[in-house]
Amino acid sequence: MSVSVLSPTRALGGVSGLLQVVSLLGLVLLLLKAAQLYLRRQWLLKALHQFPSPPSHWFYGHKKEFQKESELPPLLERVEKYPKACVRWLWGTKALVLVYDPDYMKVFLGRSDPKPHRTYKYLAPWIGTGLLLLEGQKWFQHRRMLTPAFRYDILKAYVGIMADSVRVMLDKWEELVSQDSHLEIFGHVSLMTLDTIMKCAFSHQGSVQMDRLTPEGRWNHRACQLTHQHTDAVIKERKAHLQKEGELEKVRSRRHLDFLDILLLARMENGSSLSDEDLRAEVDTFMFEGHDTTASGISWILYALASHPEHQQRCREEIQSLLGDGASITWDHLDQMRYTTMCIKEAMRLYPPVPFIGRELRKPITFPDGRSLPAGILVSLSFYGLHHNPNVWPNPEVFDPTRFSPGSTQHSYAFLPFSGGSRNCIGKQFAMNELKVAVALTLLRFELSPDPSRVPVPTPIMVLRSKNGIHLQLRKLSDPGGDKDKL
């Protein structure tokens, strides 16, 4: 009886054949992918041919152009050279259209194109799917339900809370700086706006600015889980409180309702379909949008005023005429700060807190000049480019508050620090109030000047930050009314 044994030669031959088949399949897949990428690039070239751009590399696009210390100077060169819009190639088969013209902005912001999923998906685990990330009918339902939270009578009560948080920050500054000392302000302003938003959203007791965190707390503070756990716990506690007999009427009659109170009352009274997860997402979105963006706005406004002492002094004199007797700042004072408001708007023109937003075209679009784009194109609405567009704003790099003087006229979509159209920032009046309170109280306590050794480098991420911080020199002023606690 003989036993047939597979020879090593035959075994190797079988393996070799298998490898050849795998290699062939891999080559076919590679060729198919290459063909797909080629066809995609040809489609993009055809779709974008009406919009010029600087020469780009076939593979890595305009990457080198935007690899400098800041990507804003190359953007401004494009704004000046290519009217209205241009193409930015990210790499061979991925491109977006940069838009910085008010007529184009009006067309885009009058539509309901979604945000690019790949760009904004990283925010969802942090803030949930609230107004910022929602689309379609659900966005409309949430927006309609949230709008009452930003009524005049609600916002009026927040001014005192804002002032208290600003005072805590300014008291810290007095301890940290001596005559003509410098300070990096963004970190402090960011804590102050977080403190304000915690109190306005949750009626948070204590001060985020003063509380110290353990090493473990510092780590957890950066984690999404902690954010959600805190919000969930507050929602659960507040719901239980409101369900007690008589508590609903007590809350409704309070002088100050926080953001969570308003949402819960609306759900209980109107039978809203908002789930606890929806509530958490909206509260977390409110905290995100009312914290980082406002901190950016305040920091850049103070830097702009520090860089233009004549305008800073005129603002200070206006504020002293209103608050110089030591009176507490109130809602009524805010509308009387006319020149200060002009300076705030001009600073936000130069340094928009949200430098851009993204859209992905759901359907074709045609612009007033006849150019068009097909569905599927990625678009970046560059508010920074719009605000620095010399065809829209003459001498755009000059700080000139008279652009916003009463009676001045601009295109309705030329100034968009809070975006525009139906999806504009729902909390823009809340933010403007906080900007005014922070600027007013700061100018009454300190004279600001820039630190010439540390000039900030604006960097557009989600909000406009400085690559090297925002450093100012602060000089303490004498108390105009003799009682800083009232200011």
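Might you check whether a residue that is small (Gly, Ala, Ser), exposed (fewer than 15 other Cβ atoms within 10 Å of the Cβ) and either under 24 Å from the mean Cα position of the chain (by Cα) or at pLDDT 90 or above (or both) occurs anywhere in the range 189-208? I'd like the intermediate steps shown before the answer.
We begin by selecting, within the range 189-208, every residue small (Gly, Ala, Ser); these are 190, 201, 203, 206-207.
With exposed (fewer than 15 other Cβ atoms within 10 Å of the Cβ) added as a condition, the list becomes 206.
When the remaining residues are screened for being either under 24 Å from the mean Cα position of the chain (by Cα) or at pLDDT 90 or above (or both), the result is none.
No, the range 189-208 contains no residue that is small (Gly, Ala, Ser), exposed (fewer than 15 other Cβ atoms within 10 Å of the Cβ) and either under 24 Å from the mean Cα position of the chain (by Cα) or at pLDDT 90 or above (or both).
Hey, could you check the range 164-188 for residues that are of a type in the set (A, V, I, L, M) and outside any helix (DSSP H, G or I) and say which is surrounded by the most Cβ atoms within 10 Å (Cβ to Cβ)?
Here is the first cut: in the range 164-188, the ones of a type in the set (A, V, I, L, M) are 166, 168-170, 176-177, 183, 185.
Okay, now just the ones that are also outside any helix (DSSP H, G or I), so 177, 183, 185.
Working: VAL177: 17, LEU183: 19, ILE185: 24.
Per the stated criteria, the residue is ILE185.
Could you list, in sequence order, all residues of the range 419-472 that are of a type in the set (Asp, Glu) and more than 19 Å from the chain's Cα centre (by Cα)?
Our first condition is that a residue be of a type in the set (Asp, Glu); within the range 419-472, this holds for 434, 447, 451.
GLU447, ASP451 - these are the residues of the range 419-472 that are of a type in the set (Asp, Glu) and more than 19 Å from the chain's Cα centre (by Cα).
Failed condition for THR340, given (1) on the phi < 0 side of the Ramachandran plot; (2) at pLDDT below 95, with all others met?
Going through the list (1) on the phi < 0 side of the Ramachandran plot; (2) at pLDDT below 95, THR340 breaks only (2).
Can you tell me which residue within the range 66-105, out of those that are farther than 13 Å from SER382 by Cα and touching a Ser or Thr at 6+ places or on another chain (Cβ under 8 Å), is surrounded by the most Cβ atoms within 10 Å (Cβ to Cβ)?
Applying the filter and picking the extreme gives TRP89.
Among the residues of the range 172-182, is there at least one that is polar (S, T, N, Q), farther than 23 Å from GLU434 by Cα and at pLDDT 85 or above? It would help to see each step written out before you state the result.
Keep residues of the range 172-182 that are polar (S, T, N, Q), which gives 178-179, 181.
With the extra rule that they be farther than 23 Å from GLU434 by Cα, the set shrinks to 178-179, 181.
Of the ones still in play, those that are also at pLDDT 85 or above are none.
No, that holds for no residue.
Can you tell me which residue is nearest to PRO406 (Cα to Cα) among those in the range 321-340 that are out of contact with any helix residue (DSSP H, G or I) (no Cβ under 7 Å at 6 or more places or on another chain) and either part of a helix (DSSP H, G or I) or among the hydrophobic types (A, V, I, L, M, F, W, C) (or both)? Explain how you work it out, then say what you get.
Keep residues of the range 321-340 that are out of contact with any helix residue (DSSP H, G or I) (no Cβ under 7 Å at 6 or more places or on another chain), which gives 321, 324-325, 332, 335, 338.
Still in the running and either part of a helix (DSSP H, G or I) or among the hydrophobic types (A, V, I, L, M, F, W, C) (or both): 321, 332, 335, 338.
Values: SER321: 20, ASP332: 19, ASP335: 13, ARG338: 9 Å.
Per the stated criteria, the residue is ARG338.
Within 20 Å of VAL166 (Cα to Cα), assigned to a helix (DSSP H, G or I), among the charged types (D, E, K, R) and touching a Phe, Trp or Tyr at 6+ places or on another chain (Cβ under 8 Å): is that true of GLU346 in this structure? Lay out the reasoning, then the answer.
Values: within 20 Å of VAL166 (Cα to Cα): no; assigned to a helix (DSSP H, G or I): yes; among the charged types (D, E, K, R): yes; touching a Phe, Trp or Tyr at 6+ places or on another chain (Cβ under 8 Å): yes.
No.
So, in the range 51-65, of the ones that are surrounded by fewer than 15 Cβ atoms within 10 Å (Cβ to Cβ) and not basic (Lys, Arg), which residue ends up nearest to VAL87 (Cα to Cα)? Spell out the reasoning first.
So in the range 51-65, the residues surrounded by fewer than 15 Cβ atoms within 10 Å (Cβ to Cβ) come out as 52, 55, 57-60, 63-64.
Within this subset, residues satisfying the condition of being not basic (Lys, Arg) are 52, 55, 57-60.
On the way: PRO52: 6, PRO55: 10, HIS57: 13, TRP58: 14, PHE59: 15, TYR60: 14 Å.
Here the answer is PRO52.
From the list ILE319, ILE344, ILE301, which residue is surrounded by 23 or more Cβ atoms within 10 Å (Cβ to Cβ) and touching a Gly at 6+ places or on another chain (Cβ under 9 Å)? Before the answer, list the steps.
On the way: ILE319 fails: touching a Gly at 6+ places or on another chain (Cβ under 9 Å); ILE301 fails: touching a Gly at 6+ places or on another chain (Cβ under 9 Å).
Among ILE319, ILE344, ILE301, only ILE344 is surrounded by 23 or more Cβ atoms within 10 Å (Cβ to Cβ) and touching a Gly at 6+ places or on another chain (Cβ under 9 Å).
Hey, among PRO460, PRO450, PRO401, PRO394, which residue is of a type outside the set (Asp, Glu) and free of Cβ contacts under 8 Å to residues at least 24 places away in the same chain?
Numbers: PRO460 fails: free of Cβ contacts under 8 Å to residues at least 24 places away in the same chain; PRO450 fails: free of Cβ contacts under 8 Å to residues at least 24 places away in the same chain; PRO401 fails: free of Cβ contacts under 8 Å to residues at least 24 places away in the same chain.
The unique qualifying residue is PRO394.
Does any residue in the range 303-323 that is over 13 Å from ILE344 (Cβ atoms) come within less than 9 Å, Cβ to Cβ, of a residue that is of a type in the set (Lys, Arg) six or more places away or on a different chain, and which pairs are these?
What qualifies is LEU323/LYS486.
Condition check ((1) surrounded by 17 or more Cβ atoms within 10 Å (Cβ to Cβ); (2) in contact with a His (Cβ under 6 Å, 6 or more places away or on another chain); (3) within 25 Å of ALA163 (Cβ to Cβ)) across all residues:
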| position | (1), (2), (3) |
| --- | --- |
| PRO390 | no, no, no |
| ASN395 | no, no, no |
| SER408 | no, no, no |
| LEU416 | yes, no, no |
| ALA438 | yes, no, yes |
| LEU443 | yes, no, yes |
| SER449 | yes, no, yes |
| ASN468 | no, no, no |
| HIS471 | yes, yes, no |
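Considering each residue of the range 140-163, count those that are free of Cβ contacts under 8 Å to residues at least 24 places away in the same chain and in a helix (DSSP H, G or I), and give that number. So that I can check it myself, show each step before the final result.
The first filter runs over the range 140-163 and keeps only residues free of Cβ contacts under 8 Å to residues at least 24 places away in the same chain, leaving 140, 144, 151-153.
When the remaining residues are screened for being in a helix (DSSP H, G or I), the result is 140, 144, 152-153.
Total satisfying the criteria: 4.
If I filter the range 68-114 down to residues being acidic (Asp, Glu) and either free of Cβ contacts under 8 Å to residues at least 24 places away in the same chain or in contact with an Asp or Glu (Cβ under 7 Å, 6 or more places away or on another chain) (or both), which single residue comes out as farthest from SER412 (Cα to Cα)? Full working, then the answer.
Filtering the range 68-114 for residues acidic (Asp, Glu) gives 69, 71, 77, 80, 101, 103, 113.
Right, trim to either free of Cβ contacts under 8 Å to residues at least 24 places away in the same chain or in contact with an Asp or Glu (Cβ under 7 Å, 6 or more places away or on another chain) (or both) and you get 77, 113.
Values: GLU77: 24, ASP113: 20 Å.
So the residue we want is GLU77.
Got a sec? Which of GLN20, GLN42 is among the polar types (S, T, N, Q), modelled with pLDDT of 80 or more and either within 20 Å of VAL97 (Cβ to Cβ) or not in a helix (DSSP H, G or I) (or both)? Before you say what the answer is, go through the steps one by one.
Values: GLN20 fails: either within 20 Å of VAL97 (Cβ to Cβ) or not in a helix (DSSP H, G or I) (or both).
Sole residue among the options that is among the polar types (S, T, N, Q), modelled with pLDDT of 80 or more and either within 20 Å of VAL97 (Cβ to Cβ) or not in a helix (DSSP H, G or I) (or both): GLN42.
Using the structure shown, decide if LEU170 is over 13 Å from THR294 (Cβ atoms) and touching a helix residue (DSSP H, G or I) at 6+ places or on another chain (Cβ under 7 Å). Spell out how you get there, then give the answer.
Values: over 13 Å from THR294 (Cβ atoms): yes; touching a helix residue (DSSP H, G or I) at 6+ places or on another chain (Cβ under 7 Å): yes.
For LEU170, the condition - over 13 Å from THR294 (Cβ atoms) and touching a helix residue (DSSP H, G or I) at 6+ places or on another chain (Cβ under 7 Å) - is met.
The values are calculated or read from the model by the stated rules, or taken from the named source; none is laboratory data. Owing to the predicted nature of the structure, the values given are computational and were not obtained by experimental measurement. Don't worry about glycine lacking a Cβ; one is built from the backbone with ideal geometry, like all the others, and counts go over all protein chains shown.
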